[in-house]
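Working notes, structure below.
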Amino acid sequence: MKILFLTNLLPYPLDNGGKIKTYTTLQGLSTAGHCVDLVCFTEDDERINNVPKELTGICNKVVKVFLRLTTAENKRYMMYIAFKSLFSRYPFGIYKYKSKEMSSKLKQFSENTKYDCIYYDHLQLCFYKSELDVLCPGCKTILDEHNCEALIVSRKAKDSSNIARKLFLILEGYKLRRFEARCLGSVNANIVLSQEDYQQLRRLCTHDFPYKVIPIGVQDRGIKQNSPIGKCLNILFIGTLTWEPNDRGMQWFLREVVPLLDRRDFRYILYIVGKNPSKELKELVGSRGDIILTGYVDSIDEYYDKCHCMIVPLFIGSGQRVKIIEAFSKGMPVISTSIGAEGLQYSHGDNILIADNANEFVQNIVSISEGQRKKISVKGRKTYEDYYSPMAVQGKVLEVIDICHKS
């Protein structure tokens, strides 16, 4: 099949969960013999024509369109876009993807190639669905929902104490629910990460919609080398810190959990691995020698090898946490909130430890022993092999493509 694949960011390097999921999907489509033209956005204008060989090897064409998308790095511009979105039927989170250049590229693609299927990877790319419905009449369509976007905004609104921000998020949530519901019902197939996500999305619609549950697939990079705990526990956090739930979760951990650990005279080193930490996060870390902000790193393998457990203090979000799936694959014990582990195959005390408040985090961190680590490591690895390996996931994506092709 000829597939036009739209995604938000160039899915390489594999430095966040969304990119990992997208790359695994593209790899599966390529392996099955489908011809894929990839169109995506990039924030790196200087390297607009530079395409990694890892993508040229699995895609027929790769085209990048420059667009500023990161709120933390473009605050004035994003405030302007947010203001304009108030007068649009589109919510800010969708409206910011508006690009004349993208529309022009899609028009060129559709004029030069007859596509069998259009794959909207992330809800945000459905901004262009009405255009593509006209440009590619009769083309099968798939929406891959990486998250339940309206649920994330609703949780942010509920959690916000700033009145102006809360009101904006309430309006944003209302418009996003309507947009998401329209998109779910207008495509030939929807891919959701879990049954929990489907139930959340189903509540948005007045009718059912075609869907298949396909979890995130992660490449197997091998089980980590388990260093002995000794007298100091090495704790790992991994996540893009420009994503608000990660930033807020780590600020909460530093404010609420770290003081309780310090009072116990508990020896540990906390590695916070992720690009662009906020000013507030940097201030909370300060000059402490036992909390290390690494910034962006080319490879996280060395941190997997030196650390004994991972923390996932998330209180906002939906979908699946790729960092937990990667930890499963590496045999790394994880201590996560219930929301952090939402949508995954897990059992507290078996393949993961669940902590939903500061005292539970402290209790689980302090109680980790070599025996407990080994048990969780083995069970986590088994969970990865059964549910989240590329072989387990890619076949399900191909089933959706085949169903669309035959319908």
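The values are calculated or read from the model by the stated rules, or taken from the named source; none is laboratory data. Computed from a predicted model, the values in this text were never measured in an experiment. Cβ atoms come from the backbone with ideal geometry, glycine included; neighbour counts cover every protein chain shown. Only protein heavy atoms, including side chains, enter the accessible area calculation; ligands, DNA and RNA are left aside. Shrake-Rupley method; radii C 1.70, N 1.55, O 1.52, S 1.80 Å.
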* Residue-span extension gain [Arg47 to Lys406] - 0.36 nm each, minus C-alpha spacing -> 125.3 nm
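May I ask you to derive the relative contact order of the stretch 1-70, considering only C-alpha pairs under 8 Å and at least 6 residues apart, and to give it as an integer percent?
Working: 107 pairs, mean separation 24.5, N = 70.
That works out to 35 percent.
If I require 27 Å or longer along the helix axis, counting alpha carbons, and a Kyte-Doolittle average no lower than 0.0, what helices from the chain are left? Use full DSSP H segments.
Working: long enough: 163-186 (35 Å, 0.17).
Span-like helices here: 163-186.
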* **Separation in nanometres of the label points that stand 7 Å from Cα toward Cβ, at Thr31 and Ala392** => 1.4
* Roughly what would the spin-label model give for Ala72 and Asn276, points 7 Å off Cα along C-beta, in nm? -> 0.7
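If contacts are Cα pairs under 8 angstrom and at least 6 residues apart, what is the relative contact order of the stretch 242-384 in percent? Don't jump to the answer; show the numbers that get you there.
Details: 200 pairs, mean separation 33.0, N = 143.
Taking the mean separation of contacting Cα pairs over the length of the stretch 242-384, I get 23 percent.
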* Asked: For Glu101 and Glu399 in one chain, what is 0.36 nm times their gap in residues minus the Cα-Cα distance, to one decimal in nm?
  -> 104.0 nm
* Asked: What is the magnitude of the charge dipole of the chain about its Cα centre, with +1 placed on the Cβ of each Lys and Arg, -1 on the Cβ of each Asp and Glu, and no other charges, expressed in debye to the nearest 20?
  -> 660
* Structure fact -> Between the modelled labels at Glu360 and Arg182 (7 Å from Cα along Cα→Cβ) the distance in nm is 3.9
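Determine the dipole magnitude for the stretch 238-326: charges of +1 sit on the beta-carbon of Lys and Arg, -1 on that of Asp and Glu, nothing else is charged, the reference point is the Cα centre, and the result goes in debye to the nearest 20.
Numbers: 12 positive and 13 negative charges, 48 e Å.
Dipole size: approximately 240 debye.
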* **Probe 1.4 Å - accessible area at Asp265, Å² to nearest ten** => 130
* Set Lys and Arg Cβ to +1 and Asp and Glu Cβ to -1, take the dipole of the stretch 258-319 about its Cα centre, and tell me which of Gly274, Ile291, Val258 lies farthest positive. => Val258
* Take the alpha carbon atoms of the stretch 42-76, find their center, do the same for the stretch 192-243, and report the distance between the two centers in whole angstrom. => 24
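Need one word for the stretch 1-152: rounded, prolate or oblate. Basis is the Cα gyration tensor (sqrt eigenvalues a ≥ b ≥ c); a/c below 1.5 gives rounded, then a/b vs b/c decides.
Since a/c reaches 1.5 and a/b is larger than b/c, the shape of the stretch 1-152 is classed as prolate.
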* Structure fact -> Checked against the structure, the computed Cα Rg over 2.2 N^0.38 Å among [x] 0.99; [y] 0.95; [z] 1.23 is the one labelled [x]
* Ranked by how many other beta carbons lie within 10 Å on average, peptides 246-252, 40-46 from highest -> 246-252, 40-46
* Please work out whether the stretch 1-44 counts as rounded, prolate or oblate from its C-alpha gyration tensor, where a ≥ b ≥ c are the square roots of the eigenvalues and a/c under 1.5 means rounded, while otherwise a/b larger than b/c means prolate and anything else oblate? => oblate
* Structure fact -> Taking alpha-carbon centroids only, the stretch 308-359 lies from the stretch 4-26 a number of Å equal to 22
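Could the peptides 192-199, 253-260 be put in order, highest first, of the mean number of other beta-carbon atoms found within 10 Å of their residues?
Details: 192-199: 19.2, 253-260: 17.0.
Result, highest mean Cβ count within 10 Å first: 192-199, 253-260.
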* Assigned charges on the beta-carbon of Lys, Arg, Asp, Glu; the stretch 108-208 dipole about Cα centre (debye) -> 560
* Please give the per residue accessible area of the stretch 244-376, computed with a probe of 1.4 Å over protein heavy atoms only, in Å². => 39
* Could you rank the peptides 230-237, 352-359 by their average count of other C-beta atoms within 10 Å per residue, with the highest value first? => 352-359, 230-237
* Structure fact -> Taking r as the C-beta separation of Asp15 and Asp208 and R0 as 35 Å, the FRET efficiency to the nearest 0.05 is 0.45
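Report the calculated FRET efficiency for His348 and Phe315 (r = Cβ-Cβ distance, R0 = 22 Å), to the nearest 0.05. Could the numbers behind the result be given before it?
Values: r = 17 Å, r/R0 = 0.79.
That gives a FRET efficiency of 0.80.
Full-extension gain between Glu111 and Asp290, please, as 0.36 nm times their residue separation minus the C-alpha to C-alpha distance.
Numbers: separation 179, 0.36 × 179 = 64.44 nm, distance 5.77 nm.
Extending this stretch completely gives an extra 58.7 nm.
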* To do: For Val65, enumerate residues with amide H under 5 Å from its amide H, sequence gap 5+ or separate chain, H modeled in the peptide plane.
  => Cys40, Phe41, Thr42
* **Three-way shape label, the stretch 284-375, alpha-carbon gyration tensor, a/c 1.5** => rounded
